[in-house]
Amino acid sequence: HGLDMIHIFPNEFERVGGHDAVVALIDGLYSKILANPTTAAAFVGKDVNHVKAMQVEYWSEWLGSGTPYTGRSMADGHRGLNLSKEQFDLVAGFLLETLRELHLDEAYVNAVMGHAGSLESEIINL
C-alpha cells in the first residue's frame, strides 16, 4: 500500500506522535475540506467518519505503524467521484497547511506531500 515511508523514516509512526498525531492530522485536514464548498461537495451523502477512519489507517500504515490499511485501493476509493485537479490541489494545500500547523519536521512534511502528490492519478477524474 504505501510502505515506502518505513524505508525513509524507520519507526516514524511513534516519532511523529503515533495514533493521536495521525488523528489530529486527519481531523485538521477534514475540517478544512468540509469548510470549503469546492472540496466539501465530494462528501455529500458520504460517511465522513468512515472516510476519516480509513485515512487514519492509510497514513498510519504509511508511517510504519505496523497496523495494516484495510480499505480499498486509492483508485477504487475515488472511482466515480469525478474529482477535479482543482479539488485535488485544494486538498493538497489543506494537507500542507495542516502538517505545518502540527509543527512537523520539514522532512516529514516533504515526504508526506511527495507521497500525496504521487497519488494524483489514482484520485482525479475516475
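In the chain, helical runs assigned H by DSSP with n ≥ 4 each contribute -39500 (n - 2.57); averaged across all residues and rounded to the nearest 500, the mean residue ellipticity at 222 nm is -19000 deg cm²/dmol. For the chain, find the longest principal axis of its Cα atoms and tell me its angle to the long axis of helix 106-118, 0 to 90°, nearest 10. Around 40 degrees separate the two axes.
If you average 1/r over all unlike Cα pairs in the stretch 77-126 and invert the result, what Kirkwood radius do you get in angstrom?
Answer for the stretch 77-126: a Kirkwood hydrodynamic radius of 11.5 Å.
Between helix 18-35 and the chain, what is the angle of the helix's C-alpha long axis to the longest principal axis, kept within 0 to 90° and rounded to the nearest 10? Here the helix axis deviates by roughly 20 degrees.
Once the Cβ-Cβ distance between residue 100 and residue 120 is put in as r, and R0 is 22 Å, what FRET efficiency do you end up with, to the nearest 0.05? Write out the running numbers ahead of the final one.
Working: r = 21 Å, r/R0 = 0.94.
The computed FRET efficiency comes out at 0.60.
Among the trypsin sites (Lys or Arg not before Pro) found in the stretch 1-107, those both in a DSSP coil and sparsely packed, with 15 or fewer other Cβ atoms within 10 Å of their Cβ, are 46, 72, 79.
Cα centroids of the stretch 93-124 and the stretch 31-61: 15 Å apart. With the simple model of a label 7 Å out from the Cα in the direction of the Cβ, residue 72 to residue 53 spans 1.6 nm. Ordered from longest to shortest, the equivalent ellipsoid semi-axes for the chain are 22, 16, 14 Å, each the square root of 5 times a Cα gyration tensor eigenvalue.
Any read-out appearing in this document is the output of simple, stated calculations on the displayed coordinates, not a laboratory observation. For clarity, every value in this text was computed on a predicted model and none was experimentally measured. Note that each Cβ is placed from the backbone with ideal geometry, even for glycine, and that neighbours are counted across all protein chains shown.
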